[in-house]
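The structure appears right after this line, and notes come after that.
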Amino acid sequence: MRTWGLAGMLVIGLVLSGGVSAKTSFSGNVDVVSREPSVTAEELNSLAIQAHGEYQQIARILGQPGAEKIHVSVEDVEISFTNFYRRTIVTGIYHLKNGQVPLAHELTHVFTGRGVSEVLSEGVAVYLQERVGKGRVFPNYGNELNARLRENSKKWNIPVPRDAYAFAERNINNMEQMRPRIISYLMAGSFCRYLIDDVLGGDVPKFMEIFHNGDFLAIAGKTRDALMKDWRGTVLKG
């Protein structure tokens, strides 16, 4: 079956792999596949269109050509993740069914790889998810980042610490304690948004220089600690 969407031609096909039929959808340079029986062709079509659109937007923001093939696989997993060496994103059935696929977040990882810190690596992905992404996805679920950070901080009695950068570095991958992990993602996203929009005037390529070399002072005009102090003040001021 062939249909036409906003992003171009979509093709839904059945691929036999190990005796299991896989539904596949193509849109532009993105292909989306699933072997899960509960995932429909229409859902894959919609996800492919969304992925292609967000991919192109993120490419423009990052100043990159955005011509590489991207693969998205919908599987029975609890957490979405990216293999940026293979340009592959894996997301869960639950996320697809509930409008919680963090496509822009994971697509950002495909483009950027890992930075000099977890704060910058995850923070820019949260930032671009908020900026161009769709759905109510982790960690702010459609809410404004700072508002969600203040809300969760108060509700869980986890104040935004003075050493927020170090706190987030320790807890972003802390799968044993989800509340500090969520707070860390929110802080990372909020800090990267502050750095890009308020300090660098929206210059994402310049932010990417910091992302790769960690030289805050040379590029942003202040040390990391000074920038974190200023950012924390804006968050607490509300």
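The values are calculated or read from the model by the stated rules, or taken from the named source; none is laboratory data. Just so you know, these numbers come straight off a predicted model, no measurement behind them. Note that we place each Cβ from the backbone using ideal geometry, even for glycine, and neighbour counts take in every protein chain shown.
A few remarks follow.
- If you go through the stretch 162-184 and pick out every residue that is of a type outside the set (A, V, I, L, M, F, W, C) and over 18 Å from Leu195 (Cα atoms), you end up with 9.
- Test result for Ala59, surrounded by 14 or more Cβ atoms within 10 Å (Cβ to Cβ), small (Gly, Ala, Ser) and closer than 19 Å to Ser25 by Cβ: no
- Test set (1) more than 20 Å from Ile210 (Cα to Cα); (2) surrounded by fewer than 23 Cβ atoms within 10 Å (Cβ to Cβ); (3) touching a Pro at 6+ places or on another chain (Cβ under 8 Å) - Arg181 fails condition number: (3)
- Scan the stretch 120-134 for residues that are within 18 Å of Ile79 (Cα to Cα) and either in a helix (DSSP H, G or I) or in contact with a Pro (Cβ under 8 Å, 6 or more places away or on another chain) (or both) and the total you get is 7.
- Filter result (within 17 Å of Asp198 (Cβ to Cβ) and either touching a His at 6+ places or on another chain (Cβ under 8 Å) or free of Cβ contacts under 8 Å to residues at least 24 places away in the same chain (or both)) within the stretch 218-228: Ile219, Gly221, Lys222, Thr223, Ala226
- Residue count for the stretch 169-227, restricted to those that are within 23 Å of Ser80 (Cβ to Cβ), not hydrophobic (A, V, I, L, M, F, W, C) and not in a helix (DSSP H, G or I): 4.
- Verdict on Asn146 being of a type in the set (S, T, N, Q), in contact (Cβ under 8 Å) with a residue 24 or more places away in the chain, within 23 Å of Asn98 (Cβ to Cβ) and out of contact with any strand residue (DSSP E or B) (no Cβ under 7 Å at 6 or more places or on another chain): no
- Those residues of the stretch 149-161 which are closer than 12 Å to Val235 by Cα and in a loop (DSSP other than H, G, I, E, B), in sequence order: Pro159, Val160, Pro161
- Total residues in the stretch 69-87, condition charged (D, E, K, R) and loosely packed, with under 13 Cβ neighbours inside 10 Å: 4
- For the condition among the hydrophobic types (A, V, I, L, M, F, W, C), surrounded by 13 or more Cβ atoms within 10 Å (Cβ to Cβ), under 16 Å from Ala125 (Cβ atoms) and under 24 Å from the mean Cα position of the chain (by Cα), Val204 qualifies.
A quick yes/no check of all residues on (1) within 21 Å of Thr112 (Cα to Cα); (2) among the charged types (D, E, K, R):
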position	(1), (2)
Arg193	yes, yes
Asn213	yes, no
Ala226	no, no
Trp231	no, no
Leu236	no, no
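- A search for C-beta distances below 6 Å between a residue of the stretch 119-131 that is surrounded by fewer than 24 Cβ atoms within 10 Å (Cβ to Cβ) and any residue that is not aromatic (Phe, Trp, Tyr), counting only pairs 6+ apart in sequence or on different chains, returns Ser121/Arg114; Ser121/Gly115.
- Test: residue in the stretch 65-73 that is of a type in the set (Val, Ile, Thr) and touching a strand residue (DSSP E or B) at 6+ places or on another chain (Cβ under 9 Å): yes
- Residue that is modelled with the lowest pLDDT [pool: residues in the stretch 82-137 that are over 17 Å from Ala51 (Cβ atoms) and among the hydroxyl-bearing types (Ser, Thr, Tyr)]: Tyr85
- Checked against (1) of a type in the set (Val, Ile, Thr); (2) in contact (Cβ under 8 Å) with a residue 40 or more places away in the chain; (3) within 17 Å of Ala125 (Cβ to Cβ), Val235 passes all but a single condition, namely (3).
- So Asn146, is it part of a loop (DSSP other than H, G, I, E, B), of a type in the set (S, T, N, Q), within 20 Å of the chain's Cα centre (by Cα) and not assigned by TED's automatic domain parsing to the domain that holds Leu107: no
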